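Undergrad: First the structure, then my questions, so here it is.
The values are calculated or read from the model by the stated rules, or taken from the named source; none is laboratory data. Remember, it's a predicted structure, so these values are computed and weren't measured experimentally. Don't worry about glycine lacking a Cβ; one is built from the backbone with ideal geometry, like all the others, and counts go over all protein chains shown. Ligands, DNA and RNA are stripped out before the accessible areas are found, and what is left, the full protein with its side chains, is counted by its heavy atoms. Shrake-Rupley method; radii C 1.70, N 1.55, O 1.52, S 1.80 Å.
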Amino acid sequence: MNKLTILIVEDDKYISNFIAVSLEKDGYKVLTASSAAEGLFMFSSHNPDVILLDLGLPDKDGIDVIKELRTCSEVPILVVSARGQEKEKIEALDLGVDDYVTKPFYMGELMARIRVVERNMAKSSMQPEESIFFSKSLTVDYDKRRVLIDDREIHLTPIEYKLLLLLIANKGKVLTHNYIFKQVWGYESIDTKNVRVYMANLRRKIEKNTANPQFILTEVGVGYRFADE
Ligand code: CA
């Protein structure tokens, strides 16, 4: 049973209605706003659980809406961007939005992304944290700091281990190169090619076939996503 309230901020009435109808069919409560100002007002007055945000709004840049929301709230935000808005999309992810879909999208894809956000919300409220992580051939024992592939222990450097834990903690969510760099190295840098280098090493160690990875998926031009089975 699904009782999440989702706020759709989208100025295209056709898209907004289409999403609203699909979400309602799946049991979500839906609120809609057709401008940034209305969206921010609906957010503060209705306290929705998730926001679907179009980046191209008539009165304000979607990026500014995210900045405004993030000053006061960690509400999950899913960005809906148009093709050609790559720069904005990455900026939005760096600002801490949870995921994005690019127009035109399949409703099934959007629903899947919403379910990932939902699962992550449930997980972060779950206590205590699991001490062992399993996924297919991969096992991570957090207490003993051991990583196994098919019950065979593999050696990861401290950076590789940090990378892996960050990806697992954000399973299903796309992380930008900038975000990963900041989280793992602890500071911001314009040169994030180390992320690619270390990610390639990590893949060589945990993936059976690096050309067809089953754990660490590449989001071309954006970053990486840990497979959400
Ligand atoms: Ca728009």
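Undergrad: Being within 16 Å of the ligand (Cβ to nearest atom) and in contact with a helix residue (DSSP H, G or I) (Cβ under 8 Å, 6 or more places away or on another chain) is the requirement here; does Leu166 meet it? Full working, then the answer.
TA: Working: within 16 Å of the ligand (Cβ to nearest atom): no; in contact with a helix residue (DSSP H, G or I) (Cβ under 8 Å, 6 or more places away or on another chain): yes.
Criteria not met by Leu166.
Undergrad: Looking only at segment 134-171, filter to residues that are closer than 19 Å to Arg225 by Cβ and of a type in the set (S, T, N, Q); which one of those is surrounded by the most Cβ atoms within 10 Å (Cβ to Cβ)?
TA: Selected residue: Asn170.
Undergrad: Out of curiosity, is Leu110 more than 21 Å from Asn178 (Cβ to Cβ) and within 16 Å of the ligand (Cβ to nearest atom)?
TA: Taking the combined requirement at face value, the residue satisfies it.
Undergrad: Still on this structure: From the list Val184, Val195, Val174, exactly one residue is in contact (Cβ under 8 Å) with a residue 40 or more places away in the chain and either within 25 Å of Val117 (Cβ to Cβ) or open to solvent by less than 40 Å² (accessible area, probe 1.4 Å) (or both). Which is it? Give the derivation first.
TA: Working: Val184 fails: in contact (Cβ under 8 Å) with a residue 40 or more places away in the chain; Val195 fails: in contact (Cβ under 8 Å) with a residue 40 or more places away in the chain.
Step by step, each of Val184, Val195, Val174 is checked, and only Val174 is in contact (Cβ under 8 Å) with a residue 40 or more places away in the chain and either within 25 Å of Val117 (Cβ to Cβ) or open to solvent by less than 40 Å² (accessible area, probe 1.4 Å) (or both).
Undergrad: Starting from residues that are over 23 Å from the mean Cα position of the chain (by Cα) and under 22 Å from Ala92 (Cα atoms), keep the ones in segment 12-41 and report whichever is nearest to the ligand (Cβ to nearest atom).
TA: Ranking the candidates gives Asp12 first.
Undergrad: Here are the criteria: (1) open to solvent by 10 Å² or more (accessible area, probe 1.4 Å); (2) not in a strand (DSSP E or B). Tell me which single one Leu69 does not satisfy.
TA: (1)
Undergrad: Sticking with this one: May I ask you to list pairs of residues, at least six apart or on different chains, whose Cβ atoms are under 9 Å apart, with the first in segment 46-59 being within 11 Å of the ligand (Cβ to nearest atom) and small (Gly, Ala, Ser) and the second being open to solvent by 10 Å² or more (accessible area, probe 1.4 Å) and not in a loop (DSSP other than H, G, I, E, B)?
TA: Going by the 9 Å Cβ cut-off, the qualifying pairs are Gly56/Glu88.
Undergrad: For segment 67-101, which positions are within 16 Å of the ligand (Cβ to nearest atom) and touching an Asp or Glu at 6+ places or on another chain (Cβ under 9 Å)?
TA: The answer is Ile77, Leu78, Val79, Val80, Ser81, Ala82, Glu88, Val101.
Undergrad: What are the pairs, 6+ residues apart or on separate chains, where a residue within segment 1-27 that is free of Cβ contacts under 8 Å to residues at least 12 places away in the same chain has its Cβ under 6 Å from a residue that is away from the ligand (no atom under 13 Å from the Cβ)?
TA: From residues that are free of Cβ contacts under 8 Å to residues at least 12 places away in the same chain, the pairs are Glu24/Val30.
Undergrad: Only one of these conditions is not met by Gly221: (1) part of a helix (DSSP H, G or I); (2) modelled with pLDDT under 90. Which number is it?
TA: With (1) part of a helix (DSSP H, G or I); (2) modelled with pLDDT under 90 applied to Gly221, the lone miss is (1).
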